[in-house]
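Input: a single structure, listed below in structure tokens.
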């Protein structure tokens, strides 16, 4: 047999064995399976533990991954802040403990390196100094900053303004948002935002933020800024490229309003929508609920159809997005299918495909068990065909699991962010429409 055939056979045998006996996972079968709600509780609480237990002792920030505890991540911490709110609301930890953690994070962000108000992708969790993300990438990262601000604004709305301690945290969040020079990142007045700027390399990264991808929240926050807003044409000519973000083609029986062929990795429909509520939200280019459901269904149908014959794929095992991979890191998608399933993909899609996501969750948790599910939630990725499991857990993948499951269950983070006057102002400025709920 070829190596790939051997790998496929091994993966199939492991799946069958797991179905029959939990002993192979190192955990005995539970006498009574958890209800769906109890299982969601377990997964949210265990995944929340990544941010709670691994939060840096000095900064409170989330480590980039479980193997780099001193390197903290800006965007992943923004997602983690939203997860902290879920932890308090679900009673995983006391509210006052979450308030104290938020205060620590906000104090640290105030002193950390910033570049025209934007934080870098990575920071030293002790000192707040920049850790370069790559060659030339040692300055401001506007997209990572927007993920952070998204989380902080949700936290501000959650805090009790009648309490003086919580009110002060909210005021500090206001100052952090107000200090981001969104308009400066138009590189001197161009009709597009730029992702990076470095004091050592200037605009050398030269990456305009154009759609369609995960960066919608960047433009919304830039438009809503109380101090450095962008003009509407920066959104329409930059992000939307004058309407060129439209797709309108049909893939696997599903019409995709926006974006690349087959939709791209699933984080496109998740990162900006941790806080932006897509239900009834539309602009001149698309309805965003329809966009996100279509994107997710194409990803699901691709895995079920399984055109590359990867062992293990099917209705219970699906989900392609950016994550660790068999060989490094990869943006998995139907157009870049390497046989690697990322649990965050299907689980962060709960609002869009609740039945399909629950079926995947049951497989990941009940069948694969401890090989995939650990003390900080699900491992980052695995390949059924090759019998490979990542040892890594990443903040930017764990956060959306907690947050999007909560949005599916209660709409908490959607409700919080959409209550921000800055978000309301931005959506009006950019000519969005919202159906009353």
Test: residue in the stretch 126-140 that is within 19 Å of residue 221 (Cβ to Cβ) and assigned to a helix (DSSP H, G or I): no
Residue 437 vs. criteria touching a helix residue (DSSP H, G or I) at 6+ places or on another chain (Cβ under 6 Å) and surrounded by fewer than 19 Cβ atoms within 10 Å (Cβ to Cβ): no
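Yes/no matrix, rows are residues, columns are (1) in contact with a strand residue (DSSP E or B) (Cβ under 8 Å, 6 or more places away or on another chain); (2) at pLDDT 95 or above; (3) surrounded by fewer than 23 Cβ atoms within 10 Å (Cβ to Cβ):
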| position | (1), (2), (3) |
| --- | --- |
| 149 | no, yes, no |
| 161 | no, yes, yes |
| 172 | no, yes, yes |
| 220 | no, yes, no |
| 239 | no, yes, no |
| 246 | yes, yes, yes |
Hey, residue 189 in contact with a helix residue (DSSP H, G or I) (Cβ under 9 Å, 6 or more places away or on another chain) and either surrounded by 22 or more Cβ atoms within 10 Å (Cβ to Cβ) or under 14 Å from residue 114 (Cβ atoms) (or both) or not: no
Test set (1) touching a helix residue (DSSP H, G or I) at 6+ places or on another chain (Cβ under 8 Å); (2) closer than 21 Å to residue 431 by Cα; (3) in contact (Cβ under 8 Å) with a residue 40 or more places away in the chain - residue 242 fails condition number: (3)
Residue in the stretch 312-332 that is nearest to residue 395 (Cα to Cα), counting only those that are crowded, with 18+ Cβ neighbours inside 10 Å and over 17 Å from the mean Cα position of the chain (by Cα): 325
Some residue of the stretch 101-109 being assigned by TED's automatic domain parsing to the domain that holds residue 176, in contact with a strand residue (DSSP E or B) (Cβ under 7 Å, 6 or more places away or on another chain) and modelled with pLDDT of 95 or more: no
Flag if residue 299 is touching a strand residue (DSSP E or B) at 6+ places or on another chain (Cβ under 9 Å) and without any contact (Cβ under 8 Å) to a residue 24 or more places away in the chain: no
Residue within the stretch 162-176 that is assigned by TED's automatic domain parsing to the domain that holds residue 399, in a loop (DSSP other than H, G, I, E, B), more than 15 Å from residue 224 (Cα to Cα) and without any contact (Cβ under 8 Å) to a residue 12 or more places away in the chain present: yes
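For every residue, the table says whether it meets (1) in a loop (DSSP other than H, G, I, E, B); (2) surrounded by fewer than 24 Cβ atoms within 10 Å (Cβ to Cβ); (3) touching a residue at least 12 places away in the same chain (Cβ under 8 Å); (4) out of contact with any strand residue (DSSP E or B) (no Cβ under 9 Å at 6 or more places or on another chain).
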site: 290; (1), (2), (3), (4): no, yes, yes, no
site: 310; (1), (2), (3), (4): yes, yes, yes, no
site: 346; (1), (2), (3), (4): no, no, yes, no
site: 358; (1), (2), (3), (4): no, yes, yes, yes
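The values are calculated or read from the model by the stated rules, or taken from the named source; none is laboratory data. Since we're looking at a predicted model, the values are computed, not measured. Neighbour counts are summed over all protein chains in view; Cβ atoms, including those assigned to glycine, are modelled from backbone coordinates with ideal geometry.
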